[in-house]
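Report on the following structure.
Every read-out reported here was derived from the displayed coordinates using simple, explicitly stated rules and does not represent laboratory data. It should be emphasised that the depicted structure is a prediction, and the values quoted were computed from it without experimental measurement. For neighbour counting, all protein chains shown are included, and Cβ atoms are generated from backbone atoms with ideal geometry for every residue, glycine included.
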Amino acid sequence: MSDQFLFPWISCGVLIGLAAAAIVWRMPEAETARRWAIGALAAALALLLAASYEASQVEGARLIEPWIGSWFTVDALNEIPLPLFAALALGVTVLAPKRKVTPHWLSGILILTSATLAAYAANNLLVLTLAWAATIAPFLSKRFFEIKREKETPSWSKVVLCLSAVCVLIGAALLAAGTTQSGWAAAFSLSQPRAGTGTMLRCAFFFLTVAVFLRKGLLPAHSWLLAGFERGPLLPLGLLVNGHLGAFLIARVALPVLPDVAHEALPILGDLGLLTAAYTALIALAERQPRRLLALLSISQASFILVGLGSNNADGIAGALVHWQVVAVATTILLAVFTSVEVRLGTPIDRQRFLGLATSAPRLAVFFAVGGLALVGLPLTLGFPAEDLLLHGTLTTHPRLGVVLPMVTALNAFTVIRLFATLFLGRPGTAARGLTDALPRERWVLTAALLFLLIGGIAPSTLVRAPAAAAERLSSFLTAPSQTLSLGK
Amino acid sequence: MNLSYLLCAIVLLPGLTFAALGLSWLLGWQPRERAVARLTALCYSLAAVATAWLWIGMLKAGQISLTVPLGSWFRVEEYNFPLMLMVDRLSLPLVALSVLLVGVVGVFSVRYLHRDPGFHRFFLLLNLFGFGILLLFTVGSFDLLIGGWELVGLTSVLLIAFFQHRDEPVKNALRVFATYRTCDIGLLVGVVMMHHYAHSTEFSKLFTQTWPGTGTTLSGGSTTIVGFLLLVAAMGKAAQVPFSGWLPRAMEGPTPSSAIFYGALSVHAGAYLLLRAQPILDASILMKEAVIVIGLLTALHGTFVGRACADAKTSLAYASMTQLGIIFMEIGFGLTWLALLHICGHAVVRTLQFLRAPSMLHDFHRVHAAAGGHLGETGAHYEQLLPESVQGWLYRLALDRGHHDTFLDRFIVAPVIRLAESLNRFEIYWLEYISGPSRTRRRRLAAKAGVHRFAQTTEDVHV
């Protein structure tokens, strides 16, 4: 059984993205830049699909890239997220309203995509840390996503993102320092579990957890996401959040590399995730501003991923990994439709009454409704198996806490329907009349996204297979944490 | 023909019709009214033939139940989600009833909604409902039952908001959705509890005999816990006290949807759930008594409030509620066959009444004409035996629908919303503290400042 890819798919995918970012940056015309960006992202998607396909053929093993120093790897954990994120980035680039797209904006999306893909595929902690930091770089500079008279990323959000990167850096350094074996490769290896619960490892775990805590926007650090969604560039921020690098850090580093510490501490992170989900779902009941509602919905549903990871059993972890896919696709649909509507109306939507947009834009209404309901576990969508697994996993381990999960889902479902009703139902106002429905490019991309959720819901076994395999492997670290486990095979 | 294929076809036909209509519209093709009507008619005609064939086939073979295992939907370690269809003496009559009534309502709606802007939407949702209700009645496990259950609830809510140009139907739809989702928590947690206690949710593993047998593999306190959770879910769907406030609000939808949902099928889904879980209820005296008491209270509430209703559809809704209360009592007393017959009879009669409701005045005049003059006055009720002050008080109580909604609003909804508002207010202040006022608030402040400047200028002029 070969443990190397036939071709460096991922390196090529990442490099194409970065090269396109550099080329697009200098282009004078937005439309040409857009075509280049779409071409580059489509090529990256094709390469990552090839990598995932090759990895899926070698069951139970991880494949490492040839030629370039074994930087990147693909296994059951990142087999789906890699092409999924590339597809999301491609979708966002196609769906982004032309009015908002500039060459610099596209360049930012390409950097964010390449960095996230590199983080997903990282085979060592150093690459993962650098890629994590690179994902936030476009949000720190004013030149990427800030368009004249448009919203800008709030400084508070920038501060929190930077802090999370610093915490990952410190955590990685402590982890390297706590390794007993010598050499750079062993120090930053992600294939070598660090047994025991020594002070250094506990500190490393602490800093990594704080990074996750900040990046995922867990209570009380959720304000940066609220501020970002309310005042920042919605689509790029959505893409950043939907990378779910916080959850990935837990699944890739905290669980397998620090199994003993994780066994003790992860349930606490899971409880914190549940608390955040419940709190944000509750305050969403009183919120009327659509952007803030979208932020609260996104935080609440994304927190379920941590609840599943903290459940310490394969069902819950698999549920979390499937839910990751659902949240990423469904939230992107919601944000894309909302941005389209906001751009069409020409003003930020902060109305407290029904807008009645379904009359003139019924397709956008359907995309929004199905995407939103998939997010909260509508049957016939991928959200349903994800919710089932999460619920089953959590209730098995924590029966009392697990009961909160369906309550939070119920609250979030109500928020989705309320937001849908506010935007699309009711008597159409003056602004809503004559609003353009989904354009062909929007229609095709959003239909493809809906089909992913629907086909995944009708026949989920294909999309559940890889997360289930990853979950079984991760749960084995928690059931027998101290044993020396080879992550390579 | 293999009976298993027939059962799969019955469930899949409405689902495929929905998928074909929905996907084509989403991609930009709008089929004509006639095409939609014919496709729907074809779907339910085929389903009716398949149902008849299935029933006859089962009778000929002497089968009292048919189980179709379709493999595992997905699997993680030892947890397996079984995909299984099943019909037995409980579900087969309900499947036949569903196919028949959804088909009839579909035919009726072609003319009723002719040239309505929501024609296409209505038929899409009707087909999705058809799929959901058939799935609900034909699944072989509680896991999969959730799927049908939630689809029925969702289509119900979307059809209540059918006349989306008015705010009231939308608000009422939100209210109904909130009630449904609250009660559905019972079903979700109940199913997980079944996994916890019995390690399965398949009917064949949970119940030791085929319906209406009484044996269950659950025992002791677990029957009370699971029974209670299922009862909460059933109460929501069947509009039982205290979750009954949504039913009159649901009358905002078009008449055909009111007929099929609140006269015929959707409201009976709760009763079906209890009938299906009858062995669990039988094992717990407490739960049986609870079902009887809830049914009795609902029947009394329905008949009492229904007397003060001024419009036809709401009166019919309360009449349905009364009958549902009686069905719950029958289930509580263990009269399962009677309950099943009651469901079928009630669904047919109520559908007819709902569908005739728009032409009630016409019918009224026709009855007068047939009687050769005005009919005798009615209104001599037992209430007249009560003192006048009590009559007035009872009338007000009935008009406010037993103060149910008022009570729920004041003591449950309002405190939760107040808490949410306080927390949200704190969030906004905190956010403004760390990153300045929001764009909206800046605009409001600017607008206020503008008004203030204008006022100053006017004052200056006056001076």
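Observations on the model:
- Rel. contact order, % - alpha carbon contacts under 8 angstrom, at least six apart, chain B: 11 percent
- Of every Cα-Cα pair in region A:126-256, the percent that sits beyond 23 Å: 35 percent
- On full extension, the segment bounded by B:ARG425 and B:ARG38 gains 133.9 nm, given 0.36 nm per residue less the C-alpha separation.
- Region A:124-479 - charge dipole about Cα centre, Lys and Arg +1 at Cβ, Asp and Glu -1, debye rounded to 20: 1020 debye
- Region B:25-157: C-alpha gyration tensor shape, a/c 1.5 cut-off, then a/b vs b/c: oblate
- Panel values: region A:124-479, Kirkwood radius from alpha carbon pairs, Stokes-Einstein at 37 °C and 0.692 mPa s, translational diffusion coefficient 158 µm²/s.
- Average projection, convex hull of the Cα set of region A:1-123: 6.8 square nanometres.
- The dipole here belongs to chain B: it is taken about the Cα centre, uses +1 on the Cβ of Lys and Arg and -1 on the Cβ of Asp and Glu, and is about 1080 debye.
- Dipole magnitude of the protein assembly as shown, debye to nearest 20 (Cβ charges: Lys/Arg +1, Asp/Glu -1, about Cα centre): 2520 debye
- Of A:THR153, A:THR394, the sequence from fewest to most neighbouring Cβ atoms within 10 angstrom is A:THR153, A:THR394.
- Taking the number of Cβ atoms within 10 Å of each Cβ as an exposure proxy, the fewest-first ranking of B:TYR318, B:TYR429 is B:TYR429, B:TYR318.
- Cα-based Rg of region B:162-316 normalised by 2.2 N^0.38 Å, two decimals: 1.15
- In terms of distances greater than 28 angstrom between alpha carbons, the cross-link table entries A:LYS98/A:LYS158; B:LYS171/B:LYS313; B:LYS237/B:LYS313; A:LYS158/B:LYS171 yield A:LYS158/B:LYS171.
- The chymotrypsin sites (Phe, Trp or Tyr not before Pro) of region B:10-110 that meet both conditions, a loop assignment by DSSP and at most 13 other Cβ atoms within 10 Å of the site Cβ, are B:TRP29.
- Residues of type aspartates and glutamates that A:LYS216 reaches as a straight line, Cα spacing below 19 Å, ignoring anything fewer than 8 places off in the same chain: A:GLU230, A:ASP271, B:GLU427
- Ordering A:PRO28, A:ALA119, A:SER11 by the projection of their Cα atoms onto the charge dipole of region A:1-123, which places +1 on the Cβ of Lys and Arg and -1 on the Cβ of Asp and Glu, puts A:PRO28 at the extreme positive end.
- In terms of its Cα atoms, region B:3-357 spans 57, 48, 40 Å along the principal axes, sorted from long to short.
- Prolate/oblate/rounded label for region A:352-422 (Cα gyration tensor, a/c 1.5): oblate
- Total formal charge among the other residues, if their Cβ is under 14 angstrom from that of B:PHE203, Lys/Arg +1 and Asp/Glu -1: 0
- Across the options A:LEU240, B:GLY215, B:TYR272, the greatest Cα extent toward the positive end of the charge dipole of the protein assembly as shown (unit charges at beta carbon of Lys, Arg, Asp, Glu) belongs to A:LEU240.
- Likely footprinting exposure, B:LYS313, B:LYS171, fewest C-beta neighbours within 10 Å first: B:LYS171, B:LYS313
- Around A:ALA21: net Lys/Arg minus Asp/Glu count, Cβ-Cβ under 14 Å: +3
- Our summary of shape: the Cα atoms of region A:388-459 have principal axis extents of 52, 30, 13 Å, ordered from largest down, in whole angstrom.
- Residue among A:VAL404, A:LEU258, A:LEU296 farthest towards the positive dipole end of chain A, charges placed on Cβ: A:LEU296
- Per the Kirkwood formula applied to alpha carbons, region A:90-191 shows a radius of gyration over Rh ratio, Rg over Rh, of 1.09.
- What separates the Cα centres of region B:311-333 and region B:57-112 is a distance of 25 Å.
- A DSSP coil position with no more than 16 other Cβ atoms inside 10 Å describes the following chymotrypsin sites (Phe, Trp or Tyr not before Pro) in region A:24-90: A:TRP67.
- Viscosity 1.567 mPa s, temperature 4 °C, Stokes-Einstein D of the protein assembly as shown from Kirkwood C-alpha radius, µm²/s: 44 µm²/s
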